[in-house]
Amino acid sequence: MATKRKVFYSFHYDNDVFRVQQIRNMGALEGDEPVSKNEWETVKKGGDKAIEKWIDDNMKYKSRVVVLVGEDTYKRPWVKHEIVKAWKDKKGLVGIYIHNLKDPKTGTCSNGTNPFEQFKFDSGKKLSDYVKCHNPKSTDAYDDIKNNLADWIEEAIESRQ
């Protein structure tokens with residue numbers, strides 16, 4: 001059996017936590033432990049330094065960062081911070097659209113903007129030229145993610161080497 005990879009999941013908590021839980025429960029990877037709403041609220045009360053420390057502590061021993069892209073993920077300042085940190089730390093980085101996973105309260109949502117599009121290098125290239133953002137099949141997003149997640153993450157780390 002293949003080794004489970006340790007990953008850090010980056011996502012918009014308020015909008016997408018239920019979709020993200022589905023991915024964590026697939027069991028294909030060993031991800032960061034889910035943060036409860038109470039824990040996240042406590043971290044946020046500590047201000048920017050506390051949030052940054054929480055991100056640093058939770059990303060420290062992960063070699064890959066998976067950005068789970070919902071409708072508004074690209075707008076989130078801490079997701080942007082996590083993307084920049086992952087790239088600077090030479091971690092494998094990949095995006096996966098999760099808009100077709102059903103939230104029990106709200107159903108599916110609109111496809112979000114690729115968050116890697118907003119980062120540009122001095123060469124004029126965008127981060128999205130180097131980092132893939134996978135869009136699972138709309139007819140069966142759950143199984144498409146479950147069947148391909150480990151491979152997408154391995155590709156992400158290989159592309160950094």
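Of these, Lys88, Lys105, Lys120, Lys125, which one is closer than 16 Å to His12 by Cβ and more than 13 Å from the chain's Cα centre (by Cα)? Step through it out loud before you land on a result.
Details: Lys88 fails: closer than 16 Å to His12 by Cβ; Lys120 fails: closer than 16 Å to His12 by Cβ; Lys125 fails: closer than 16 Å to His12 by Cβ.
Answer to the check: Lys105.
Which of the residues that make up segment 127-143 are farther than 14 Å from Arg19 by Cβ, of a type in the set (Phe, Trp, Tyr) and either surrounded by 19 or more Cβ atoms within 10 Å (Cβ to Cβ) or touching a residue at least 60 places away in the same chain (Cβ under 8 Å) (or both)?
none
Return the residues of segment 1-31 that are surrounded by fewer than 17 Cβ atoms within 10 Å (Cβ to Cβ), closer than 22 Å to Lys80 by Cβ and at pLDDT below 65; say none if nothing qualifies.
none
Output the number of the condition that Glu82 fails; it satisfies all remaining conditions of (1) within 18 Å of Tyr142 (Cβ to Cβ); (2) at pLDDT 95 or above; (3) not hydroxyl-bearing (Ser, Thr, Tyr).
Every listed condition holds for Glu82 apart from (1).
Filter segment 79-91 for residues that are more than 22 Å from Gln21 (Cβ to Cβ) and touching a residue at least 40 places away in the same chain (Cβ under 8 Å); which is surrounded by the fewest Cβ atoms within 10 Å (Cβ to Cβ)? Before you say what the answer is, go through the steps one by one.
Let us first name the residues in segment 79-91 that are more than 22 Å from Gln21 (Cβ to Cβ), namely 80-81, 84-85, 87-91.
Within this subset, residues satisfying the condition of being touching a residue at least 40 places away in the same chain (Cβ under 8 Å) are 87, 90-91.
Working: Trp87: 17, Lys90: 11, Lys91: 19.
So, considering only residues that are more than 22 Å from Gln21 (Cβ to Cβ) and touching a residue at least 40 places away in the same chain (Cβ under 8 Å), the one surrounded by the fewest Cβ atoms within 10 Å (Cβ to Cβ) is Lys90.
Residue by residue through segment 131-161, note down the ones that are of a type in the set (S, T, N, Q) and not in a loop (DSSP other than H, G, I, E, B).
Quick first cut of segment 131-161, residues of a type in the set (S, T, N, Q) only: 135, 138-139, 147-148, 159, 161.
Residues satisfying the conditions are Asn147, Asn148, Ser159.
Looking only at segment 96-116, count every residue that is surrounded by fewer than 14 Cβ atoms within 10 Å (Cβ to Cβ), of a type in the set (Ser, Thr, Tyr) and in contact with a helix residue (DSSP H, G or I) (Cβ under 9 Å, 6 or more places away or on another chain) and tell me the total. Break it down stepwise before answering.
Initial filter on segment 96-116 (surrounded by fewer than 14 Cβ atoms within 10 Å (Cβ to Cβ)): 104-107, 110.
Now drop any that are not of a type in the set (Ser, Thr, Tyr), which leaves 106, 110.
Keeping just the survivors that are in contact with a helix residue (DSSP H, G or I) (Cβ under 9 Å, 6 or more places away or on another chain) gives 106.
Count: 1.
The values are calculated or read from the model by the stated rules, or taken from the named source; none is laboratory data. Source: prediction; values computed, not measured. In this analysis, Cβ positions are derived from the backbone assuming ideal geometry, glycine residues included, and neighbour counts consider all displayed protein chains.
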